Structure formats: C-alpha cells, structure tokens
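Notes follow the structure.
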Amino acid sequence: MSERPQPLKAINKFFEGKEPWQIVTMTASSVLALVWAHSLYNAKECVTTRLRKEFFRWLRQVPIVRRKIDEKMAEVRRDFKRDVAKRLAGVTIRRELPQKGLSAEQVAEEVRDHLSLGAYDWKGGNVSGAVYHINEEIGHVACQAYTLTAYTNPLHADVFPGINKMEAEIVRMAINLFHGDEDCCGTVTTGGTESIMMACKAFRDLAYSKGISNPQMVLATTAHTAFDKAAQYLGIGVVTVPVCPDTLTVDVGAVRRAIGRRTCLIVGSAPNYPYGTMDDIKSLSDIATQCGVPLHVDACLGGFVTAFMPAAGHPVPQFDFRLPGVASISADTHKYGFAPKGTSVILYRKAEFRHHQYTVSTEWPGGVYGSPTVNGSRAGGLIAACWATMMFVGRERYIQMTDEIITTTKYLEEEFRKIDGIFIFGKPATTVIAFGSKKFDIFKMAEFLHKKGWSLNALQFPSGVHICVTHAHTQAGVAERLVADMKAATQECLKDSSQPAQGRMAIYGVAQQISDRSLVSDITKYFIDSMYYLPQPGDADE
Ligand SMILES: *Cc1c(COP(=O)(O)O)cnc(C)c1O
C-alpha cells in the first residue's frame, strides 16, 4: 500500500474507531452547516437586522403586547379614515357606474370639483417639489399633443412609427445633454422609479450573464428609495454605505471597501433627494473603472437642471457620460424637463446594457413578444406630450428657467443661513435645501409652516425638513413669503424650545423612535389603504 499524503492521514486518524453511522452523520451535518453558513453570507440582510426582526416578531406574539398593538393600530386606521372623510367632504362619492352617462359638461364640472379638494395652494408655489412648473402656455402645448395622440400605442411600431420616432428623439436629445456619444442609447419610461428599476434590471442581468448568481448593489443611505424598491422587486441585495456627516455626500472610501465579487452596480446621486447634495461622481467613476463595475448616476431630480446650469452661469461638477465609469444615467423629463407627469429617461453607455433591460418571450402562443420597459401597451400620448414640451421650451428657455430656479434656491439658502436656530445640511448642489435644528424639534417648525400653508418634506435619521425648489417658487413674492414665515416659525420654536412637536408633523418624530420597524411599515400600509378608501355614512366614527 502506498504512503497516504499528510492531510488524509489526519482525517483518517480523526475518524479512527468511529462507527460508520457516526461518520455519515458527522459528514451530513457539516455539509448542512456549510450550506447554512453560505446562505447567511448570501443573504439580502445582515445578521443583526435579522436577529432584531426575529426578536420583535417574538415580542409581538406575547398576548399583552399583541393586544396593545392591535388597539393602537385600530386607532391609527380610524384616524386615517377620518382624515380622508375630512378631505373629501362636499363631493359626491360614487360607488356605481352611472346608469346613464353624464354629459361632457357635468364630467368637466366634477373633475374641477375634485381638483379643488386639498388644502394646499400648489399653483401658488406652496408645495415642495411635486409640481415643477406652473405655466399655462407650456401646459397647453403638452396637452394639445396629448389630445392628438392619447389613443396611440407605440408597442405596435408598425402602426405608430411616428411615436417611436418621437421616443427615439427624446432619448437622443437627452444623451446629447449628458454628453454621450453615438454608442449611447436608452428608453423613455413612465417615471424616475421605472428608469431606476430598469437600470437595476439591466445590471442585474449583466451580472447573471457573468455567472454572479446573487448580485448586490452598493449605494449610499441617501440614494433614492426607488433603488430599494427595485431591489425588492428584482431580488438584488443592497449594501448600504454611509454619507460623510458634514458634506452629506457618499463616503467614497466606504464605497470602495463595499465592492466585492457580487457587486453588480454602484449608485451615485446627482443630487440626492433628502439633502440635495451631490455625490463625488468623479471619484465614483474612477472606482467603477478600476473595479470594472458599472456606475449608475441618478440624475432623476437634477438631470434637466444640471444640464443647463453651466450655460446659466451656475457651475456644477461633472457627473455625466464624460466620466468614463458612468454606465447609465436616469433623468426625469416629468420633473425639470417640465413635461406632464408620466415620463423619464434611462440612458446607457452601450447597447449591450440596454439589451439586458429588455424582456423577450419566444415561446408564447400569442407570438414572439419583446418589450423594452415594464409596460406592455405604452402610452403614446405621454411620449408625444414630453416630446412636444421639449420642442416648445427649447434650449434657451430651459437655460432661462433653470437660471430662475437656481437663483431663487440660492436666495433661499442665503436667507436660511442667516436665521438663528436652524442649520443647513451640507451644500445644496441644485434645487433642494434641507434644514434642521440643534435648538428645537424641527418638526415643530414644520407644523408651524404647515399651518401657514406650506407643504414641505420631512426627513428622518436625523430629523430634518427640506424644500425642493421648483419653477412655481420663482413666482413673484413666493420666496420672500417663505423666508418671512421661516423666521417667524423659528422665533416661535425658540420661545419654548423644550416642547416637542404636536399635531400632524409630530408623527415624523414619533416614527423614528419606534424600534420595531415592522410597526412603522404596517402603519404605512394602512396609510396607503386609506388612499383607496371611500367614506361611507357613519364609517369614520366606528
Ligand atoms: C423623484 C426622484 C426619483 C424617482 O422618480 P419618480 O419620478 O418619483 O418615480 C429618483 N431619484 C431622485 C433623486 C428623485 O428625486
């Protein structure tokens, strides 16, 4: 018998004197343990998060805790319903199809009634983000285009070649704004979320094609929640990276450390939604190039502003296809592209990337079916309205409107910085200004501003409030009124600074303190439910 190598001898020695059944059992359990360890490593959530979830799941099963939670949740649902009933007071609630159709005038009248519901003067510029311009002329041109094309469906390219051409032109005009070359390509989608989801799908499938079975994306805590949504839909893991506490831009060193064998995508924001700060896209691009990982730049909010800022005399750092690591860009035509809601673009450096975005079914009895985006039938009217807006506004007017928006933002930032008691988060790069306070509960201030008619957005971890400045805020007197109300609000909050927020804004402070995040999730689901709630007599006081 030949001499056995050293490791085998050791193994034989280990099993010496053991029964065959023992050997089988030990082998099987160590294999199972390895599989389990591998699944932990490949999991989409880290171990502490899961342990924490398990703990709360267990706690919720304790009867007394369960009862308390059920009571509280019933109250929450009742409150949400009551809010809806209050908001809808005065309009007819319709539960049945009208037996005989209403007249065109009646329909228009009812639409107007519905539009007049709601407490905020959004046309007057009292709302953060949401509506990006108030201009009847631009709106008229877009709606005219929609009227002409509302029933077209560019899924059928042979029937509506003109709509396909318009889509291709929107994509090409956007590529040129972001300095892409002839190889760049893209598609129009229904919004920023879909653009982001499409990029995530494309780079997930690119990773699959390279044999990575459990791809992950590396993104900052401040990256838009659409990436998390995409991860939930598409089964991609998320590795979250912190932002630097003073600049509120992604910690570039941490991004580099987070990149591994499974990374399918790095994400940078230009700028991000919460603070409006711009990640260092140049450094991210360098990392992407060195590591051979694609970089997606989320310019959903900023894209159509940053593209015109240099020409408007407001320099911005480079963030687009001029940086070699940038593989894709998302930009929303329905934000600062000023198109009606329902369009955005996703752009890629190479055709190969866009191919991974498509879905194709070759075996369906309904025929070989290929489609570029999430939708099957597509709204040609939205594409035409977007195209019409871009053609009508044109480069000069985009530059002018961008200048008006940025000038207003800079005025607001400057004035906010003068207000004692609040601070600005980082350096606003484009149109978002986020503020907080070390002296009082910032949601108390938000509550005060809400009472003055302002709808601003609440931020958490840490507590803050932001305003996304749109063209609606450039209307005469709006910015000055906001500054005056901000000053008055700060004065008010400083008077009794130990008192936390009361009223509707208090919820944002409370939500951060609930350590069982599944409860926050449940409450959010009840809120969404309430959007589909139609009040019935006697309902709200059940
Ligand atoms: C608005 C926004 C998105 C998502 O776009 P939707 O059009 O709302 O789906 C993505 N990223 C940023 C930074 C945004 O502000």
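Values computed for the structure shown
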item: Positive dipole terminus of the chain, leading residue within 482, 46, 526 (C-beta point charges); result: 46
item: Label point 7 Å beyond Cα of residue 158 along Cβ direction - residues of the range 368-387 with amide nitrogen under 19 Å; result: 368-372, 377-378
item: Long pairs among 452/487; 81/525; 438/495; 282/410; 341/452; 201/350, criterion Cα-Cα beyond 18 Å; result: 282/410; 341/452
item: Alpha carbon centroid spacing (whole Å) that separates the range 6-23 from the range 46-64; result: 41 Å
item: Projected area, mean over directions - the range 212-366, Cα convex hull, nm²; result: 11.1 nm²
item: Residue-span extension gain [residue 30 to residue 168] - 0.36 nm each, minus C-alpha spacing; result: 44.0 nm
item: Leading residue at positive end of dipole, the chain (Cβ point charges), from 56, 432, 294; result: 56
item: Cα-based Rg / Dmax (Å) for the range 167-234; result: 13.8, 36
item: Cα-based helix-to-principal-axis angle, 6-15 vs the chain, degrees rounded to 10; result: 90 degrees
item: Dipole moment magnitude, nearest 20 debye, the range 452-542 about Cα centre, only Lys, Arg, Asp, Glu C-beta charged; result: 440 debye
item: Cβ-Cβ FRET estimate between residue 10 and residue 374, R0 fixed at 60 Å, reported to 0.05; result: 0.60
item: Expected-Rg normalisation [2.2 N^0.38 Å, Cα atoms] applied to the chain; result: 1.13
item: Volume of the Cα convex hull of the range 491-542, divided per residue and given in Å³; result: 137 Å³
item: Full-extension gain in nm, residue 228 to residue 67, via 0.36 nm per residue minus C-alpha separation; result: 54.8 nm
item: Net charge dipole size for the chain [Lys, Arg +1 and Asp, Glu -1 on Cβ; Debye, nearest 20]; result: 1560 debye
item: Value of [θ]222 nm, deg cm²/dmol, for the chain, DSSP H segments ≥ 4, -39500 (n - 2.57) each, nearest 500; result: -15500 deg cm²/dmol
item: Dimensions in Å of the range 199-298 - Rg and Dmax from alpha carbons; result: 12.5, 40
item: Mean Cβ count within 10 Å, highest first, over the residues of peptides 60-70, 425-435; result: 425-435, 60-70
item: Extension gain, residue 150 back to residue 525 (0.36 nm per residue minus Cα-Cα distance, nm); result: 131.7 nm
item: R0 of 45 Å, Cβ-Cβ distance residue 413-residue 351: FRET efficiency to nearest 0.05; result: 0.65
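Taken together, the values in this text are just the output of simple stated rules run on the coordinates, not laboratory data. Note that this is a predicted model, so its numbers are computed, not measured. Every residue, glycine as well, gets a Cβ built from its backbone with ideal geometry; the counts of neighbours run over all protein chains shown.
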